[in-house]
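The values are calculated or read from the model by the stated rules, or taken from the named source; none is laboratory data. Everything numeric here is computed off the predicted structure, so don't read it as measured data. For neighbour counting, all protein chains shown are included, and Cβ atoms are generated from backbone atoms with ideal geometry for every residue, glycine included.
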């Protein structure tokens, strides 16, 4: 570590800085410290904020484990779309803390219905490079059954979204029925149907991506509800939103908390 | 084509996959298949989804022809801003299906009032590279009459947006009158005044870009209305929004459908 | 300058074009004209619009001086995130018109709570390159006192945001109290507490970034209020929003003007 950074935080915030560095080392080896060091020339305090706030304050919190936090981070970064360097770092970190390469790819494929193909295709390119650097190879699973895409999608839609799902599809019948059909067939029959990432992890990634994307309040309400449906707790959902603040800023997160509040109140649930 | 991709889709979805590949070949030669092949190592099903959902399901739909679909795609990608590889691919595809280079450039210039200069300048750089690769040269038209920018802008504003346009300008008089003046002079007197892309195509590009951009509900309502004013049908507008789902995801499109519904209801129009 | 560009604007708009070029030269030396020239091959009128609308119309306006305009531009571009070339250009321009390198870095650090770390880290990389090209070195200030982060953050929150600030924190107590704590400790105790960029400039950068980001209406209302609290006038705030139109387009700016109107009306203030 650069001495000026060390010294600037010695004494008053040594504890947070040291704890943040330790977590950064756990997820990235020496790579995170190198990023922090690289800021010493023009923005040393920015490096300190990364260590102290992102890692000591956020990553060290209970509520989500490190593999979950890295999946949330990957979801937020893929949705932002213009952060290839950070996405590479956190795909590597995800592997480091035990997320499998297949789960990383499945998390990205899962995002297509939410972000569209281009950002996912770019993120897959980043993942390929990160896998190569990390020295992992992957035997990608292939879905070889395309029967009954509509029916299995309709079933999955109810399973995940509850009655909100069919309501959205029904509301499209008079104006864009095929758009509704694609949500059933493609988003649920093709994508949600994939079994290689557990439903709770899919919803963590979904909520993170919708939060980072912005202008998605109705969809956040549906998918925060879906997160509860698959067994995440209100506390875990709030934890996910809080974590995303480091990647997408407080405004997006405050708006998402408003959506979460609506859902929790509707279900008479509270956070604790 | 990679054999595992071929096989994974043989039997149950061979028809959609083959049809999608044929359309992909029509718009991109061998380039699209190469993109799909490049996904075989870590995400073969993602390549299959591109072929089956984006190309077999969406590009093959009636309602918009291929040149219109490529202009819609270019508008959405330019507005997203962080998708240079895909924008290059689809500018090339636009040329392939008969959009002229001048129309591509005019579509991008048309977006300045909606996205600002930076994303358009970056997209022009992408277009330049795509034109060079495609081996086309361009004699760009130049507007050499700058007289009466305000008056011709005010006329164009009413022609395109109807009474909503002057209402927006009037609403700015007490707080930001010069902002209103720039909308008249620049967005309409300079940009909309340009005659080298037909009004219907301008509105397709506009609606696609606003949808992809997000947080533009009031402007979507005005410009979906404008799309109707220049002769697009409700079905074509819904078709445009549906197409954009592949590039910007369902949440943005569902929000835009809500804006379209408001406009259609206000005008007692329906989609059929 | 390319002759076709010169000629296209001679006569009718020579005055605006010449005035725009002069300002462009003032902020960028020969670099701006080179950008305009580079557009002559496929989009000469786009280059003319940059000169005439962005520079002659917007940069030449009263209300904000050139250093303020460049800070506003840097804030908008950093928030957009996918515009590295333009950000490099305008960080260089900021230095050219007298913004110090430390102020540039402080403006970027200031954005972390609004945009998250990734876009700021990328912007810092752009700044580093621009500083090197410009031949400036920087002795970055370091905050070496981390005592009482919560208390000093709470004080700063009231100083900047007035009662709206504590209201936001209080509203989070039942659902995401630690998120509220981080806003106090990190956004205000760490970041707003930094003394190396004057409060008015911080609010110019904040309002520009929130406008460009989109989907931030509640935060824009709080921070337009904060801009008034630290001494900016309604006219300067509207001037800031108008300026951002060149970088983020009219839709984002029209939505931000709506937020500004709410705040001005609540305080019985008007623009003149």
Next on the checklist: Take residue A:210 and tell me if it is in a helix (DSSP H, G or I), more than 21 Å from residue B:80 (Cα to Cα) and in the same structural domain as residue A:192 (by TED's automatic domain parsing).
Outcome noted: no
Checklist outcome for this item: When residue C:239 is run through (1) out of contact with any helix residue (DSSP H, G or I) (no Cβ under 8 Å at 6 or more places or on another chain); (2) within 14 Å of chain B (Cβ to nearest Cβ); (3) surrounded by fewer than 24 Cβ atoms within 10 Å (Cβ to Cβ), the failure sits at (3)
Next on the checklist: Looking only at the stretch C:186-197, how many residues end up being assigned to a helix (DSSP H, G or I) and either surrounded by fewer than 20 Cβ atoms within 10 Å (Cβ to Cβ) or more than 8 Å from every other protein chain (Cβ to nearest Cβ) (or both)?
Outcome noted: 3
Checklist outcome for this item: Exactly one of A:219, A:173 is crowded, with 19+ Cβ neighbours inside 10 Å and closer than 21 Å to residue B:243 by Cα, and that residue is A:219
Next on the checklist: If residue A:120 meets every condition in (1) more than 10 Å from chain B (Cβ to nearest Cβ); (2) touching a helix residue (DSSP H, G or I) at 6+ places or on another chain (Cβ under 7 Å); (3) touching a residue at least 40 places away in the same chain (Cβ under 8 Å) apart from one, which number is that one?
Outcome noted: (1)
Checklist entry - What residue, of C:76, C:56, is modelled with pLDDT of 95 or more, farther than 22 Å from residue B:144 by Cα and in contact with a helix residue (DSSP H, G or I) (Cβ under 9 Å, 6 or more places away or on another chain)? => result C:76
Item to check | residue A:157 being part of a helix (DSSP H, G or I) and within 21 Å of residue B:247 (Cα to Cα) | outcome: no
Next on the checklist: Here's a check for you: in the stretch B:249-268, which residue that is surrounded by 20 or more Cβ atoms within 10 Å (Cβ to Cβ) and more than 8 Å from chain A (Cβ to nearest Cβ) is nearest to the chain's Cα centre (by Cα)?
Outcome noted: B:256
Next on the checklist: farther than 27 Å from residue A:80 by Cα, surrounded by fewer than 24 Cβ atoms within 10 Å (Cβ to Cβ) and within 13 Å of chain B (Cβ to nearest Cβ): is that true of residue A:167 in this structure?
Outcome noted: yes
Checklist entry - Quick one: which of C:179, C:241, C:220, C:232 is outside any helix (DSSP H, G or I) and without any contact (Cβ under 8 Å) to a residue 60 or more places away in the chain? => result C:232
Checklist entry - Applying the selection to the stretch C:85-105, what residues are within 11 Å of another protein chain (Cβ to nearest Cβ), surrounded by fewer than 24 Cβ atoms within 10 Å (Cβ to Cβ) and under 23 Å from residue C:193 (Cα atoms)? => result C:101, C:102
Checklist entry - Do we find that residue C:34 is within 11 Å of the chain's Cα centre (by Cα), part of a helix (DSSP H, G or I) and away from chain A (no Cβ under 14 Å) in this structure? => result no
Checklist entry - Within the stretch A:144-153, can one find any residue that is within 7 Å of chain B (Cβ to nearest Cβ) and either touching a helix residue (DSSP H, G or I) at 6+ places or on another chain (Cβ under 6 Å) or modelled with pLDDT of 95 or more (or both)? => result yes
Item to check | Count - residues of the stretch A:59-84 that are more than 8 Å from every other protein chain (Cβ to nearest Cβ) and either on the phi > 0 side of the Ramachandran plot or surrounded by fewer than 24 Cβ atoms within 10 Å (Cβ to Cβ) (or both) | outcome: 10
Checklist entry - Which members of the stretch B:128-143 meet the condition of being out of contact with any helix residue (DSSP H, G or I) (no Cβ under 7 Å at 6 or more places or on another chain) and either closer than 14 Å to residue B:196 by Cα or surrounded by 15 or more Cβ atoms within 10 Å (Cβ to Cβ) (or both)? => result B:128, B:139
Checklist outcome for this item: Taking the stretch A:198-216 and keeping residues more than 11 Å from every other protein chain (Cβ to nearest Cβ) and surrounded by 24 or more Cβ atoms within 10 Å (Cβ to Cβ) leaves A:202, A:203, A:204, A:205, A:207, A:208
Item to check | Members of the stretch A:102-117 that are more than 15 Å from the chain's Cα centre (by Cα) and touching a residue at least 12 places away in the same chain (Cβ under 8 Å) | outcome: A:102
Checklist entry - What number goes with the only condition from (1) part of a helix (DSSP H, G or I); (2) more than 14 Å from chain C (Cβ to nearest Cβ); (3) without any contact (Cβ under 8 Å) to a residue 60 or more places away in the chain that residue B:246 does not pass? => result (3)
Next on the checklist: I'd like to check something: does the stretch B:116-127 contain any residue that is surrounded by fewer than 19 Cβ atoms within 10 Å (Cβ to Cβ) and part of a helix (DSSP H, G or I)?
Outcome noted: yes
